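The values are calculated or read from the model by the stated rules, or taken from the named source; none is laboratory data. Computed from a predicted model, the values in this text were never measured in an experiment. Cβ sites come from the backbone with ideal geometry, for glycine too, and all protein chains shown count toward neighbours. Note: areas computed on protein heavy atoms with side chains; ligands, DNA, RNA excluded. Shrake-Rupley method; radii C 1.70, N 1.55, O 1.52, S 1.80 Å.
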Amino acid sequence: MGAYEEKKEACGTVCLKYLLFTFNFLFWLAGGVVMAVGIWTLLEKSDYISLLSSKTYAASAYILVLAGAIVMVTGVLGCCATFKEQRRLLRVYFVLLLCIFLLEILAGVLAYIYYQQLNEELKQNLRDTMIQKYQQKSHEHITRAVDKLQQEFKCCGSNSSADWASSIWIRSRDSDNREVPDSCCKSPTELCGRRSHPSNIYKVEGGCISQLEKFILDHLKIIGAVGVGIACVQIIGMVFTCCLYRSLKAEPY
């Protein structure tokens, strides 16, 4: 009976090892996905981030990049710990899994908080940013972001094209009698912003605020879904790690 029990335990340990190895491979791939989502958010949408006064949205993306990098390193460590059957490495691996889990919870909490305050922030700050900083020296990144926003989302002004009437730049000589920036035009050309007729410029209900809000909310949902998905996978990994840890004999000291 003793030999049978030992053989049964050995088979169980081998199965756990291969399950944990498979998990770590998938976990490593998932880390790459998480990091890619974070980097894509920071690189591709960095212009839009510059239009937001709060840094919460950017912080969520940075946390994803950090978590993704740690996940990839942890996946490699998990494979080493699994095949070397070292309890100490398994303990380190478990602690890293727990740290990543907490990072993802933090990113989720930040995303949820920002989700609640997003509309109010856009109402309070986007209009002021557009009319005060557009085409102003030392704010070239704002000008670039606003032009990209209006062209990509086919909108004009924060709430409506009428907002541009209060713009510092529009009211200056530098605007060359434009009523709106050229990026408001359906077919942008030099000085096309002199005519603000609906046939010439975008007249979207709710202005750019509604378009930017929808974009960020959709992005927050992606960040949240990725975080929840990885967190669920991690829970499985922590369970496998605990089972393998218990199945291995204690190391001699």
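Only one entry of GLU152, GLU179, GLU120, GLU104 meets the criterion of being of a type in the set (D, E, K, R) and touching a Leu at 6+ places or on another chain (Cβ under 9 Å), and that entry is GLU104.
Results for (1) among the basic types (Lys, Arg); (2) assigned to a helix (DSSP H, G or I); (3) loosely packed, with under 15 Cβ neighbours inside 10 Å, shown as yes or no for each residue.
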residue: LEU90; (1), (2), (3): no, yes, no
residue: LEU97; (1), (2), (3): no, yes, no
residue: ALA107; (1), (2), (3): no, yes, no
residue: ILE113; (1), (2), (3): no, yes, yes
residue: ILE131; (1), (2), (3): no, yes, no
residue: ILE142; (1), (2), (3): no, yes, no
residue: GLY157; (1), (2), (3): no, no, no
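Say whether the condition of being more than 28 Å from GLY31 (Cα to Cα), in contact (Cβ under 8 Å) with a residue 40 or more places away in the chain and buried (at least 18 other Cβ atoms within 10 Å of the Cβ) is met by at least one residue in region 215-226. No, every residue in region 215-226 fails to be more than 28 Å from GLY31 (Cα to Cα), in contact (Cβ under 8 Å) with a residue 40 or more places away in the chain and buried (at least 18 other Cβ atoms within 10 Å of the Cβ).
The requirement of being open to solvent by less than 70 Å² (accessible area, probe 1.4 Å), outside any helix (DSSP H, G or I) and either closer than 19 Å to ASP47 by Cα or not β-branched (Val, Ile, Thr) (or both) is not satisfied by CYS208. Scanning region 186-205 for residues that are open to solvent by less than 70 Å² (accessible area, probe 1.4 Å), within 14 Å of TRP164 (Cα to Cα) and not in a loop (DSSP other than H, G, I, E, B) yields GLY193, ILE201.
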